[in-house]
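Peer 1: Have a look at this one.
The values are calculated or read from the model by the stated rules, or taken from the named source; none is laboratory data. The structure displayed is predicted, hence computed values, not measured ones. Here the Cβ positions follow ideal geometry from the backbone for every residue, glycine too, while neighbour counts run over all protein chains shown.
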Amino acid sequence: MKIWMCLAAVFVVACVAPEPDPVPEDPCAVAGDDALSPCLQPAFPPDYYSDWSSGYFDTMDSAVPEAAPMPYSELVARWEWYPWLKLTAFGYDNILATDALLRLYPSTIPERDCRFFDEQPFGRCRVTFYYEDAEHAGRGCPIYEEFTFNDAGEITWIEAWSDLPGFLPMVDPEDTWGQGQSSRLSTRIPGLGNAAGRIDLAGQAMTAAANADADVADFVVRANDWYATWSDELEANRDFMWEVGCGW
């Protein structure tokens, strides 16, 4: 009898189905308002993103008599990597003011290649600036720039690099448009992936990200006093940024 009981116990154990592996939670759904930008999907046709990415350069192209008003979000940020000045605008009114300031330093941007990508940043451009002053002597300044959009089609984040070896964010130098591994900052900022792309500088997710990522921490410090930090960066870099950033 004991033998049969043991065999029965073994049979029952053998027939019990194993517990299924838990289904991993969708990090975008779990994050909610703190989601990262890759959580957003395009909400407009591809031309919308490529056209507005190119349209951004109309705001500083002296050959364009009147640029169309840009669809900036309320908390739009512009981040320009070394040797440029990092956070050069934060907020709708401030970016309009700095756009107007750039118009006082005449340039043309005739060479533009702006494209749509179905993962954030939805707009990516390779452009060349030509400045009119004698100091630049007609030499071009190549820039790689990316644009993050929210569900309303507003630009929430602009990120720029010198389009020169050693400055670009792509890990693979053959990855021309940053579709592989990249060091871009936009995809590391909590909140850019909610429907409005609205961030919370003092939120728990931002604090946690800043504690783990020095670039996010730098952004938070600058965003809390963007004009003073921008001015300090200009003072520190003004003597060499054109030479280094433009490859002259």
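Peer 1: What residue, of Arg184, Arg112, is part of a strand (DSSP E or B) and charged (D, E, K, R)?
Peer 2: It is Arg112.
Peer 1: When the residues of segment 235-248 are filtered to those that are in a loop (DSSP other than H, G, I, E, B) and out of contact with any strand residue (DSSP E or B) (no Cβ under 9 Å at 6 or more places or on another chain), which remaining residue is surrounded by the fewest Cβ atoms within 10 Å (Cβ to Cβ)?
Peer 2: Checked segment 235-248; the qualifying residue surrounded by the fewest Cβ atoms within 10 Å (Cβ to Cβ) is Asp239.
Peer 1: Kindly list the number of the only condition in (1) assigned to a helix (DSSP H, G or I); (2) closer than 30 Å to Cys28 by Cα that fails for Leu87.
Peer 2: Condition not satisfied by Leu87: (1).
Peer 1: Same structure, new question: Can you tell which of Gly193, Gly140, Gly153 is at pLDDT 95 or above, crowded, with 17+ Cβ neighbours inside 10 Å, out of contact with any Gly (no Cβ under 8 Å at 6 or more places or on another chain) and not hydroxyl-bearing (Ser, Thr, Tyr)?
Peer 2: Gly193
Peer 1: If you don't mind, there's one more thing I want to ask. Are any residues in segment 224-234 surrounded by fewer than 19 Cβ atoms within 10 Å (Cβ to Cβ) and not polar (S, T, N, Q), and if so, which ones? Show your work before the answer.
Peer 2: Going through segment 224-234, the residues surrounded by fewer than 19 Cβ atoms within 10 Å (Cβ to Cβ) turn out to be 224-225, 227-228, 231-232, 234.
Passing the criteria: Asp225, Tyr227, Ala228, Asp232, Leu234.
Peer 1: Pull out all pairs, ordered by first then second residue, where Cβ-Cβ is under 6 Å, the residues are six or more apart or on different chains, the first lies in segment 104-127 and is under 19 Å from Phe149 (Cα atoms), and the second is among the charged types (D, E, K, R) and at pLDDT below 95.
Peer 2: none
Peer 1: Which residues, counting only those in segment 135-154, are part of a strand (DSSP E or B), touching a Pro at 6+ places or on another chain (Cβ under 6 Å) and of a type outside the set (Phe, Trp, Tyr)?
Peer 2: Matches in segment 135-154: Glu146, Thr148.
Peer 1: Using the structure shown, decide if Pro106 is closer than 24 Å to Asn194 by Cα and touching an Asp or Glu at 6+ places or on another chain (Cβ under 7 Å).
Peer 2: no
Peer 1: Arg222 passes all but one of (1) farther than 21 Å from Pro38 by Cβ; (2) part of a helix (DSSP H, G or I); (3) free of Cβ contacts under 8 Å to residues at least 24 places away in the same chain; which number fails?
Peer 2: Just one mismatch for Arg222, condition (3).
Peer 1: Taking the residues in segment 78-107 that are in contact with a Lys or Arg (Cβ under 7 Å, 6 or more places away or on another chain) and β-branched (Val, Ile, Thr) as candidates, determine which candidate is farthest from Met60 (Cα to Cα).
Peer 2: Thr88
Peer 1: Follow-up question, since we're still on this one. Restricting segment 118-134 to residues that are part of a loop (DSSP other than H, G, I, E, B) and buried (at least 23 other Cβ atoms within 10 Å of the Cβ), which is farthest from the chain's Cα centre (by Cα)?
Peer 2: In this case the residue turns out to be Phe122.
Peer 1: Continuing with the same structure: Take the residues in segment 24-62 that are over 17 Å from the mean Cα position of the chain (by Cα) and of a type in the set (Ser, Thr, Tyr); name whichever of them is nearest to Gly193 (Cα to Cα).
Peer 2: Here the answer is Tyr48.
Results for (1) within 30 Å of Ala208 (Cβ to Cβ); (2) modelled with pLDDT of 95 or more, shown as yes or no for each residue.
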| site | (1), (2) |
| --- | --- |
| Cys6 | no, no |
| Ala17 | no, no |
| Glu25 | yes, no |
| Ala29 | yes, no |
| Ser37 | yes, yes |
| Asp47 | no, yes |
| Arg78 | yes, yes |
| Phe90 | yes, yes |
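Peer 1: Oh, and also: Answer with yes or no whether Thr229 is touching a helix residue (DSSP H, G or I) at 6+ places or on another chain (Cβ under 8 Å) and more than 24 Å from Leu40 (Cα to Cα).
Peer 2: Taking the combined requirement at face value, the residue satisfies it.
Peer 1: Also, I was wondering about something else. Looking for something polar (S, T, N, Q), at negative phi and surrounded by fewer than 17 Cβ atoms within 10 Å (Cβ to Cβ) - is there at least one such residue anywhere in segment 162-180?
Peer 2: Yes.
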